[in-house]
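Heads up: the structure comes next, in structure tokens.
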Amino acid sequence: MKINTKIINFDIRGDARGSLIALEKEHNVPFDIKRVYYIFDTTDGVRRGFHAHKNLKQLAICVKGSCKFLLDDGADKNIYNLNEPTKGLYIEGLIWREMFDFSPDCVLMVLADAYYDEADYIRDYANFLTEVTKLKSECK
Ligand code: T46
């Protein structure tokens, strides 16, 4: 089963004026970037996500503030704390995700390898588990 999530640390190009991070396809971003979106001004206490993607590679970076990601592959759940602009959370494969604990100043930027397509979303958890089971049996 091809499932991959990991933290990618970015090099800082810093000098006396401050810091700069460059994101480059196939250098520190492991895919062809087709789309960038960002989430900000989140309502206090809100939880977002609640879906998986059939086919999407994404890299999520909290460029300001902090938030948490719960990633669930249908068997294991892991929580990632994104609290610095120097690290990105890479998500690939059939992974259920929820984002929460947004700080009031949080700006969560996400790079993706495909254009927005609602048909790529699995927004029902039971359907997600069915797809995971299917994928596991195909990979046996
Ligand atoms: C994901 C997590 C991390 C667009 O029109 N274009 C876009 O590129 C996106 C991402 C969303 N939208 C529309 C669809 C909805 O009407 O914006 C609205 C909010 O999207 P959604 O409810 O899917 O947002 P989140 O925060 O639950 O999930 C988003 C991404 O959709 C998703 O791919 O992995 O962030």
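Observations on the model:
- Cα long-axis angle, helix 125-138 against the chain (0 to 90 degrees, to the nearest 10): 70
- Measuring gaps between exposed loop sites in the chain (GluC sites (Glu not before Pro); DSSP loop; at most 14 other Cβ atoms within 10 Å), the longest gap, sites not included, is 27-140.
- Solvent-accessible surface ranking, highest first, for ILE7, ILE122 at 1.4 angstrom: ILE7, ILE122
- Protein accessible area in the chain, 1.4 Å probe - carbon and sulfur %: 48
- Taking all protein chains together and a 1.4 Å probe, the residues LYS68, LYS87, LYS6 rank LYS6, LYS68, LYS87 from largest to smallest accessible area.
- The chain - mean residue ellipticity at 222 nm from DSSP helices (-39,500 (n - 2.57) per run, n ≥ 4, rounded to 500): -3000 deg cm²/dmol
- Lysine pair number, Cα distance threshold 15 Å (strictly under), the range 47-140, separation 8 or more or different chains: 5
- Placing ASP11, ASP120 in order of accessible area, with the largest value first and a 1.4 Å probe, yields ASP11, ASP120.
- When only alpha carbons are used to place a centre, the range 54-77 and the range 1-44 end up 12 Å from one another.
- Contour excess over end-to-end distance, with Cα ends at ASP124 and LYS25 and 0.36 nm allotted per residue: 32.5 nm
- Average accessible surface area per residue within the range 3-130, 1.4 Å rolling probe, Å²: 56
The values are calculated or read from the model by the stated rules, or taken from the named source; none is laboratory data. Computed from a predicted structure; not experimentally measured. Please note: Cβ atoms are built from the backbone with ideal geometry, for glycine as well, and neighbour counts cover all protein chains shown. Protein only, heavy atoms only, side chains kept; ligands, DNA and RNA dropped before computing areas. Shrake-Rupley method; radii C 1.70, N 1.55, O 1.52, S 1.80 Å.
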